[in-house]
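A short write-up of the structure that comes next.
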Amino acid sequence: MTLAPLLAGGAGRPTISFELFPARSEAGRDFLCHKVSELVATRPDFVSVTFGAAGGTRAPSRELLAHVLSTTAVPAMAHLTCVGLSRREVVDLACEFYDAGVRDVLALRGDPPTGVGDWAPHPDGVGRACDLVQLLQVADRRRLALRGGARPVDEGPLSLAVAAFPRGGDGDLAALRAKQDAGAHFAICQVTFSADEYAGFVHRARAAGVTIPLLPGIAVTDDPHRLNRIGELTGVRAPEPLLAALDTDDAATRRRAAGAFSSGLAAGLLDAGAPGLHLYTFNAATPALDLLDHLALPRTPAHDQHRDAAVGGLR
């Protein structure tokens, strides 16, 4: 099963997923593999792997996807950004993922690389996420045609996710509707610190004709510096009481404060009807594991067919 039917209620329970980002050093890769093992032991419904600005982490992202696909039974979603890439490059990269068994993709416009003053969009690039959603489907159809039109029996349909912004305005809602109309199956929301904010966003999105599942994102961390960095990058500020509670050198106190906040937020999101929880882990296992222990949500084994996907093209 690809993720689209799962997020549409096929799991029969709230889904749990983790976001990971690739390591950039050998020591970092060893550390990350250990953390991945801890996280996948909880049997999440999927993990997503980030893809740097303009493909800046293309090779490490592929390596991490390969590790998850080849050593676990957990579905892996590949992030794919299109800023700075030509349409041909997007198609080639997508086909790399497809050939390796990836059937779940988070389609993102992405942002230009930071600190590159003379950066310019690719003249034959894709400028909007809705156009990327369409191009990913074109790539899948072209790949299928080149193989004689026969899809392998163990290869499920393509499942496409997009980003959503709970604090966005009418323009963001229009963009989300365009992504849905282009073929997106569900959306993963930018980090939120308020269940009421998420519920209000869902209400506005439904009024705007958005019908796809909207999966909320939670930053699970006890690091106040990381929370402040999230605010700088996204404009979504962590609540001052949370930051104050984390302003201590005592690790146990920070862990308790972060756990209490994230578990309360998660419970509120599920009460608001969220189809699941997407946890931004920052490659740290403990805060995410603490949250799952507190919620004690029912789990089911991940789909074994994902372990059997061919991963040679990513190695």
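The values are calculated or read from the model by the stated rules, or taken from the named source; none is laboratory data. None of these values were measured; they are calculated from a predicted model. Heads up, the Cβs are rebuilt from the backbone with ideal geometry, glycines too, and the neighbour counts pull from every protein chain shown.
Miscellaneous remarks
- Test: residue in region 104-111 that is over 20 Å from residue 190 (Cβ atoms) and touching a residue at least 40 places away in the same chain (Cβ under 8 Å): no
- Condition met for residue 267 (of a type outside the set (Phe, Trp, Tyr), surrounded by fewer than 18 Cβ atoms within 10 Å (Cβ to Cβ) and closer than 29 Å to residue 8 by Cβ): yes
- Which listed residue is farther than 25 Å from residue 20 by Cβ and not hydroxyl-bearing (Ser, Thr, Tyr), from 251, 245, 257: 245
- Filtering region 75-94 to residues that are over 14 Å from the mean Cα position of the chain (by Cα) and touching a residue at least 40 places away in the same chain (Cβ under 8 Å) leaves 82, 83, 84, 85, 87, 90, 91, 94.
- Selected residue (criterion: farthest from the chain's Cα centre (by Cα)) from residues of region 169-190 that are surrounded by fewer than 18 Cβ atoms within 10 Å (Cβ to Cβ) and outside any helix (DSSP H, G or I): 169
- Selection count, region 80-94, where residues are touching a helix residue (DSSP H, G or I) at 6+ places or on another chain (Cβ under 7 Å) and either modelled with pLDDT of 90 or more or aliphatic (A, V, I, L, M) (or both): 7
- Sole residue being under 21 Å from the mean Cα position of the chain (by Cα) and outside any helix (DSSP H, G or I), chosen from 149, 101: 101
- Subset of region 1-38 [aliphatic (A, V, I, L, M) and surrounded by 13 or more Cβ atoms within 10 Å (Cβ to Cβ)]: 1, 3, 4, 6, 7, 8, 11, 16, 20, 23, 32, 36
- Where strands (runs of 3 or more DSSP E) sit wholly within region 1-92, those with at least 2 residues that are of a type in the set (Gly, Ala, Ser) and within 24 Å of residue 152 (Cα to Cα) occupy 76-81.
- Test result for residue 229, without any contact (Cβ under 8 Å) to a residue 60 or more places away in the chain, of a type in the set (Lys, Arg) and in contact with a Leu (Cβ under 8 Å, 6 or more places away or on another chain): no
- Residues considered: 201, 193. Of these, the only one that is at negative phi, among the aromatic types (Phe, Trp, Tyr), in a loop (DSSP other than H, G, I, E, B) and surrounded by 14 or more Cβ atoms within 10 Å (Cβ to Cβ) is 193.
- First in region 16-30 and closer than 19 Å to residue 216 by Cβ, second anywhere and among the acidic types (Asp, Glu) and surrounded by 23 or more Cβ atoms within 10 Å (Cβ to Cβ), Cβ under 9 Å, 6 or more apart: 16/45; 17/45
- Selected residue (only one of 109, 167, 142 is of a type in the set (Lys, Arg), touching a Ser or Thr at 6+ places or on another chain (Cβ under 9 Å) and under 24 Å from residue 85 (Cβ atoms)): 109
- Count - residues of region 238-264 that are of a type outside the set (Asp, Glu), surrounded by fewer than 12 Cβ atoms within 10 Å (Cβ to Cβ) and within 20 Å of residue 284 (Cα to Cα): 2
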